[in-house]
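Novice: Before I ask anything, let me first share the structure, which is written out below as structure tokens.
The values are calculated or read from the model by the stated rules, or taken from the named source; none is laboratory data. Since we're looking at a predicted model, the values are computed, not measured. Here the Cβ positions follow ideal geometry from the backbone for every residue, glycine too, while neighbour counts run over all protein chains shown.
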Amino acid sequence: MLQLDHVDVCYGSFKALSDISMTVDTGELVVLLGANGAGKSTLFNAISGLVRPSAGDVRFEDKHLNGMKASSVVSAGVVQCAEGRKLFPQMSVLQNLMMGAFVHRRDSAGNKKRLNEVLELFPILEDKADQPAGSLSGGQQQMVAIGRAMMSRPRLLMLDEPSLGLAPLVVKQMFETIQQINSLGTTVLLAEQNAFAALKIADRAYVMENGHLVMEGDREMMLGNEQVRKAYIGA
């Protein structure tokens with residue numbers, strides 16, 4: 001479904017990503033592990049069209065995404081839920097959600113159907129629909145951010161650090177919802193520092209360090225790998 005071949009990203013003379021090759025197959029939930037500054041967000045931005053690779057190829061369902069506008073990447077079915085939520089705090093929850101439907105703005109019936117699906121995933125958002133998004137708790141704001149991304153009708157949903165800054169109980173609920181989104185047919189690429197929680201719901205994982213992919217494997221291999229446990233989980 002998604003294939004990256006030898007992708008580099010440079011910011012001036014600094015090489016942020018080096019020789020990245022990876023795949024995400026249809027229906028998978030793949031986790032990208034790495035510390036702050038490892039290059040996870042840059043990799044997501046390269047896939048999303050927010051930064052242009054300086055070398056290599058990004059393909060989604062056999063379409064070349066290199067050089068495609070970010071809006072066209074969303075229309076193609078690849079949607080990123082950015083780190084830090086990036087909500088419009090003064091706008092209502094409903095208005096924030098509907099911003100995600102902009103690429104499908106001519107399909108009002110389809111947008112209404114998808115909105116109902118999002119509110120089924122996050123029932124509390126229906127009660128909060130008219131409240132300013134900035135007035136919600138951190139966990140509820142993250143629900144809005146994921147819901148907004150789902151309004152774009154992704155076939156591949158990329159979630160960048162969705163558990164960041166959330167209480168442990170909320171993190172558990174968030175990962176359960178991500179697993180549910182995947183089980184309902186959306187392929188998921190999840191960038192996370194919370195390795196143990198992420199690996200519990202993952203099919204496969206990649207480990208990124210200093211702009212390089214340094215390891216890959218299935219869930220059992222990663223959970224049992226001593227190097228991964230020491231670096232990301234705790235011995």
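Novice: Kindly evaluate Val228 against the criterion of being modelled with pLDDT under 90, crowded, with 19+ Cβ neighbours inside 10 Å, touching a helix residue (DSSP H, G or I) at 6+ places or on another chain (Cβ under 7 Å) and not hydroxyl-bearing (Ser, Thr, Tyr).
Specialist: yes
Novice: Restricting attention to the range 1-46, and to residues there that are of a type in the set (S, T, N, Q), out of contact with any Lys or Arg (no Cβ under 7 Å at 6 or more places or on another chain) and in contact (Cβ under 8 Å) with a residue 40 or more places away in the chain, which single residue is surrounded by the most Cβ atoms within 10 Å (Cβ to Cβ)?
Specialist: Residue satisfying both the conditions and the ranking: Ser41.
Novice: Quick check, is Val30 β-branched (Val, Ile, Thr) and at pLDDT below 95?
Specialist: Taking the combined requirement at face value, the residue does not satisfy it.
Novice: Could you tell me whether any residue of the range 150-167 is within 15 Å of the chain's Cα centre (by Cα), more than 27 Å from Glu220 (Cβ to Cβ) and assigned to a helix (DSSP H, G or I)?
Specialist: yes
Novice: In the range 137-149, is there at least one residue being surrounded by fewer than 18 Cβ atoms within 10 Å (Cβ to Cβ), among the polar types (S, T, N, Q) and not in a helix (DSSP H, G or I)?
Specialist: Looking through the range 137-149, at least one residue is surrounded by fewer than 18 Cβ atoms within 10 Å (Cβ to Cβ), among the polar types (S, T, N, Q) and not in a helix (DSSP H, G or I).
Novice: Tell me whether the range 76-93 contains one or more residues that are part of a helix (DSSP H, G or I) and more than 20 Å from Leu4 (Cα to Cα).
Specialist: yes
Novice: Just one of Leu43, Leu2, Leu65 is at pLDDT 90 or above and more than 16 Å from the chain's Cα centre (by Cα); which is it?
Specialist: Every option except Leu65 fails the conditions.
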